[in-house]
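Here is the structure we will look at, set down as structure tokens.
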Amino acid sequence: MKNLNKALLATALLASSAGANAAIWASSNTGANEAFLSVYDKTQKTTFTLDLGVTYNDFFNNKDNAAYSLSFDLNALTAGSPNAKWSTFAANMDAANTSWGVMTTNAAKMFVTGEKSIAKFATLNAASSVATVIRGHVSQINTGALADNAGVANANQASTNLSSIVVDSDTAGTGQHNQNLPFATIFGQVSAADADINGSEGAFWFYNQQNGNSQTLQSWHMNLAAGKLTYAAPVPLPAAVWMFGAGLMGVLRSTRRKYAA
């Protein structure tokens, strides 16, 4: 989408009714806010975003449920987008220099990806300030997504999960990964809690205001080459595998004693 068109759309959205036309819902204090994915190619300086259509409540109600899982085929989900297909973003992607993250908020509570262990927010205000920045970034993503999906039926509805592709040189405030919301530095008030994932797997952290943080049972997994994003708990090894391993160790110990004798 041309920069001028995005600028005009941004102006139109600001003049409209307080984000009521937002594609990613982020105005709820009852847990209805939706999660989004942001993928950033540092070489191409290009961001891909997608409304995942999963709410804060979905994650909160299942953060300790090992059976809960999600799977997203980015190619299929964006095939109908006029200007924001995953295949377009991935065509020249430098996977080795691409990072990504997922997040959603509810008032001063939030779920955010992260590779490192974390410390809790010191105060409620500290948590609130980060959540406010996240919601502001969602508004900017919506601006870019609506521009990239002009003509799509019901594009301005929360139930329509839009994608966007924006480069750093595009109109400011249209969803750039490390512009309004620097994923690598968003948690300046929480130690070692960067939201960027630089590999294929990342933990999902629940920030409970200033009351402490915890990791969900599930982790996020991204296959950039295949365009697959999944959210699932580790699959436990069957009891038979543990028994086989224990038996094998017993045999090895017995053999070692035999030769030692």
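Side notes on the structure shown:
- Residue satisfying condition, being more than 23 Å from residue 27 (Cα to Cα), assigned to a helix (DSSP H, G or I) and among the hydroxyl-bearing types (Ser, Thr, Tyr), within set 129, 139, 99, 87: 87
- Filter result (more than 13 Å from residue 163 (Cβ to Cβ) and either among the aliphatic types (A, V, I, L, M) or in a strand (DSSP E or B) (or both)) within the range 21-45: 22, 26, 32, 34, 35, 40, 41
- In the range 84-92 there is no residue that is at positive phi and open to solvent by 50 Å² or more (accessible area, probe 1.4 Å).
- You will find that of 251, 190, the residue that is open to solvent by 40 Å² or more (accessible area, probe 1.4 Å) and at pLDDT below 95 is 251 and no other.
- The range 186-213 residues that are within 27 Å of residue 224 (Cβ to Cβ), paired with ones that are among the basic types (Lys, Arg) (beta carbon under 6 Å, 6 or more apart): 192/116; 206/63
- Scan the range 202-223 for residues that are surrounded by 18 or more Cβ atoms within 10 Å (Cβ to Cβ) and outside any strand (DSSP E or B) and the total you get is 1.
- Residue 104 being assigned to a strand (DSSP E or B) and either open to solvent by 70 Å² or more (accessible area, probe 1.4 Å) or within 17 Å of residue 161 (Cβ to Cβ) (or both): yes
The values are calculated or read from the model by the stated rules, or taken from the named source; none is laboratory data. All values derive from a computational prediction rather than experimental measurement. As a convention, Cβ positions derive from the backbone with ideal geometry for all residues, glycine included, and neighbour counts pool all protein chains shown. For accessibility, only protein heavy atoms count, side chains too; no ligands or nucleic acids. Shrake-Rupley method; radii C 1.70, N 1.55, O 1.52, S 1.80 Å.
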